[in-house]
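The values are calculated or read from the model by the stated rules, or taken from the named source; none is laboratory data. Just so it is clear, the structure is predicted and the values come from calculations on it, not from any experiment. Cβ atoms come from the backbone with ideal geometry, glycine included; neighbour counts cover every protein chain shown. The area values use the complete protein model at the heavy-atom level, side chains included, leaving out ligands, DNA and RNA. Shrake-Rupley method; radii C 1.70, N 1.55, O 1.52, S 1.80 Å.
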Amino acid sequence: MTIHPINFHQLANGLSNMIDLVGVDDVYHGKRVAYMCVETGRQLDLDQDALLTLFYAGQLHDVGVSSTDVHKTLVNEMDWEGAQQHCQRGYDLLRGQRLFAPLAPIVLYHHTHWQAMQALQVPEQTALLSNLVYLADRVDSFLLQGGFNPLMLGREPVQSKLLHFQGEYFAPRLVQAFINASRADAFWHGLQPGHIQQYVTEFPRHLLVPGVPAETKCEDCLMEVSYLIADIVDAKSPYTAEHSRGVAGLSRYLGKLAGLDESTCELLEVAGLLHDIGKLRVPDAILAKPEPLSARESAIMSGHAFDTYQILHAMRGFETISEWAGYHHETLDGSGYPFGLYADQLSLESRIVAVADVFHALAQTRPYKPPAEANAVVLGLHAKAQAGKIDETLVQLVNDDLDACWRAACGL
């Protein structure tokens, strides 16, 4: 595969933005946890590598959460017996990633009580950093439950809770370090949306997870991370499982049929894997609804393409992919969303991802319809092409090589 440069800091921030979409109305949870971890870690005089690891682990600690229902429970329950499931899933997702593997053990234990951590004989550094992520995560849930406005009003209640749980849930020295860090009014002001975004953006970009340079050329890392993202998105709903992979496979194959070079076809696969990132923000109940969506629900659903575009466009090197992925609901006649683009504004690659998305959606079971067979899928594509929605030439390529397209889309 062509080696594409990746800016690790921007990639991690982009993943954090994606994970935080699951919060629907609150898209700063991971960033607040990262901020609180680092500022508490400074009170402990942790070294640079530990602070950096905390920064990225804080942002990505909930990588195992795709469901809005699970997210709500994690926010509303201090100690939920099902919490370890998302920790294990996050660990499994990250441990095979060359860029993010160092964070996996911290994610695994970030809901483990301090007393239990000692009994499990977790390595000292991992135990300390994991427990700090747990502490910051629970502080953020306290703040959300309490609805403190301004957040500074939560200082005494939060500190009191931490003192109550120290020893069993949290290491006493972490609790004391947090209390020391949070004495200053600036600590609480820094948690506000505008300030927290600035903190994350300006965090020293040359200081990264140990061993990972800011701008790295890691063979296949782009594809690795893209499949990681696809697995997170597709875990959102049983009705969309494997959808991102299917769109990716068919996008790459259609690119080949259209005569595009191998490097472009690889990037089409990436765009297919990433095209539905924005669905993480759509509540589970909407994705699973068998009846027609209301006007409000449709408006929420349509926002997913814009969220996809925004998250990808903010990452250096993903600008073009953001268009191919974010335009998958645009139509040739200008009636699509989110930008209402017309045919002359849509590249061949964008059109390919759009056709692949329609193909796979028709072929899948959805709550409102059964799966269609291959011939019915082609008829559906032709109908959309004749209505001026998708590219007729690409539909004809599918029609002429239907068996291979079906295999590419359905992983056969």
- What is the one condition in (1) open to solvent by 10 Å² or more (accessible area, probe 1.4 Å); (2) touching a residue at least 12 places away in the same chain (Cβ under 8 Å); (3) over 21 Å from Asp234 (Cα atoms); (4) not small (Gly, Ala, Ser) that Gln85 does not satisfy? (3)
- Counting just the residues of the stretch 240-296 that are among the acidic types (Asp, Glu) and within 23 Å of the chain's Cα centre (by Cα), which one comes out farthest from Pro367 (Cα to Cα)? Glu266
- Looking for whichever is loosely packed, with under 15 Cβ neighbours inside 10 Å and in contact (Cβ under 8 Å) with a residue 12 or more places away in the chain here; the options are Gln159, Gln145, Gln121. Which one fits? Gln145
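Out of Leu108, Leu128, Leu132, I need the residue that is aliphatic (A, V, I, L, M), within 21 Å of the chain's Cα centre (by Cα) and either under 20 Å from Leu54 (Cα atoms) or open to solvent by less than 20 Å² (accessible area, probe 1.4 Å) (or both). Which one?
Only one candidate qualifies: Leu108.
Just to be sure, is Glu297 charged (D, E, K, R) and in contact (Cβ under 8 Å) with a residue 24 or more places away in the chain?
On the way: charged (D, E, K, R): yes; in contact (Cβ under 8 Å) with a residue 24 or more places away in the chain: no.
Spelling it out, it is not the case that Glu297 is charged (D, E, K, R) and in contact (Cβ under 8 Å) with a residue 24 or more places away in the chain.
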- Restricting to helices (runs of 4 or more DSSP H) lying wholly in the stretch 1-111: which have 2 or more residues that are of a type in the set (Phe, Trp, Tyr)? 48-60
- Item | Among the residues listed as Arg183, Arg173, the single one being charged (D, E, K, R) and assigned to a loop (DSSP other than H, G, I, E, B) | Arg183
- Item | Candidate set from the stretch 319-354 (those that are part of a helix (DSSP H, G or I), in contact (Cβ under 8 Å) with a residue 12 or more places away in the chain and of a type in the set (D, E, K, R)); member that is least open to solvent (accessible area, probe 1.4 Å) | Glu349
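Can you tell which of Leu268, Leu273, Leu260 is under 19 Å from Glu349 (Cβ atoms) and not in a helix (DSSP H, G or I)? Give the derivation first.
On the way: Leu268 fails: not in a helix (DSSP H, G or I); Leu273 fails: not in a helix (DSSP H, G or I).
Residue meeting the stated conditions: Leu260.
Any residue at all in the stretch 163-174 that's within 29 Å of His304 (Cβ to Cβ), touching a His at 6+ places or on another chain (Cβ under 9 Å), at pLDDT 90 or above and open to solvent by 20 Å² or more (accessible area, probe 1.4 Å)? If you could, list the steps in order and put the result at the bottom.
Step one: of the stretch 163-174, the residues within 29 Å of His304 (Cβ to Cβ) are none.
Checked the stretch 163-174: no residue is within 29 Å of His304 (Cβ to Cβ), touching a His at 6+ places or on another chain (Cβ under 9 Å), at pLDDT 90 or above and open to solvent by 20 Å² or more (accessible area, probe 1.4 Å).
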- Taking only the stretch 359-412 into account, find how many residues are farther than 28 Å from Pro238 by Cα and among the hydrophobic types (A, V, I, L, M, F, W, C). 4
- Query: Give me the pairs: first residue in the stretch 273-288 and over 26 Å from Tyr253 (Cα atoms), second residue acidic (Asp, Glu) and assigned to a helix (DSSP H, G or I), beta-carbon distance under 7 Å, and six or more apart or on different chains, which are they?
  - Reply: Arg281/Asp307; Asp284/Asp69; Ile286/Glu297
- Give me the pairs: first residue in the stretch 13-39 and under 19 Å from Ser237 (Cβ atoms), second residue of a type in the set (Gly, Ala, Ser) and not in a helix (DSSP H, G or I), beta-carbon distance under 8 Å, and six or more apart or on different chains, which are they? Val22/Ser66; Val22/Ser67
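Okay, residues lined up against (1) more than 30 Å from Leu153 (Cβ to Cβ); (2) at pLDDT below 95:
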| position | (1), (2) |
| --- | --- |
| Gln176 | no, no |
| Ala181 | no, no |
| Pro193 | no, yes |
| Gly211 | yes, yes |
| Lys217 | yes, yes |
| Glu224 | yes, yes |
| Tyr227 | yes, yes |
| His243 | yes, yes |
| Arg252 | yes, no |
- How many residues are open to solvent by less than 70 Å² (accessible area, probe 1.4 Å) and out of contact with any helix residue (DSSP H, G or I) (no Cβ under 7 Å at 6 or more places or on another chain) when one looks only at the stretch 307-318? 1
- Note on the structure: By residue number, the members of the stretch 359-389 that are open to solvent by 70 Å² or more (accessible area, probe 1.4 Å), part of a loop (DSSP other than H, G, I, E, B) and at pLDDT 90 or above are Glu373
- Within the stretch 283-306, is there a residue that is assigned to a helix (DSSP H, G or I), of a type in the set (Ser, Thr, Tyr) and open to solvent by 10 Å² or more (accessible area, probe 1.4 Å)? yes
